[in-house]
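One structure is given below, encoded as structure tokens.
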Amino acid sequence: MSLEVKPTGTELLGEEITITKETKIVAKKGKKESKQRVDGISKNTIGLLRTTLRNNTELTNIADNKANVLLSLNAIMLTFFVPLLLPNIDLVSQYNLGIPLIIFVGTSLITIYIAVLVLRPGKFGGQTVNIEQGSNLSPFFFGNFEKMSKSDYLQHFNDVLGNDRKVKKFLSNDFYHLGLRLGEKMKLVRRAFNIFIVGLVTSILLSTLLIFIEQWST
């Protein structure tokens, strides 16, 4: 004969409390997930945008620092080169070093010019997006609103923040133009380094060859 054990009131109350706790946990998880997504933008997406912006900013600083190094190095070389050249102009004529010196000076000037192009600020006002209604200028880039009044800018900024689709379009467009400018900087820096290395090595080798030929002939 089997005995049927009925749950006591305490056990039923404990089960109800457990179910209530589980329900609260699920509700809290739902609230957290809803907080993590605001107007269709999740925390992961916001973190990704921040990381992308930080990486682009760091790469831009690296390109500017390399351009500064090239600019300073070539300026110092020219500054010390001219005082050393003038007292020894006879040796330049004797060993026919005019062409190597022209190559060296030309290389330094071209490198300085390219480095200045890297450091020069880009054009403003070109970051536009096709929007059906309202202004198509991004409120997140200072070059677009530098000539706007404070009231116009605040109104435009609030209008954009109230439209998630506009926010995504403007942010993606800003990242695109930032990447274009960064790519342009990197190409110019690489070109400046190539010109500097080729010009410097060519002038040194040609000077050494001309001096050797002159000494060997005498």
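State the percent of C-alpha pairs, over all pairs in segment 57-217, separated by a distance greater than 20 angstrom.
Values: 8277 of 12880 pairs.
Every Cα pair in segment 57-217 considered, those over 20 Å come to 64 percent.
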Once phi for every residue in segment 206-217 is put through the Karplus expression 6.51 cos²θ - 1.76 cosθ + 1.60 (θ = phi - 60°), the whole-Hz ³J(HN,Hα) values, with Gly and Pro written as x, are 5, 5, 4, 5, 5, 5, 5, 5, 5, 5, 5, 6
Mean Cβ-within-10 Å packing, highest first, puts peptides 203-214, 50-61 in the order 203-214, 50-61
Taking a crude spin-label model, label points 7 Å out from Cα along the C-beta direction, the Ile211 to Leu84 distance in nm is 1.0 nm
Stretched fully, the stretch from Ile204 through Leu154 gains (0.36 nm per residue minus C-alpha distance, one decimal, in nm) 12.1 nm
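No value in this document is a laboratory result; all are computed from the given coordinates. Please read all numbers here as calculations on a predicted model, not as lab measurements. Cβ atoms come from the backbone with ideal geometry, glycine included; neighbour counts cover every protein chain shown.
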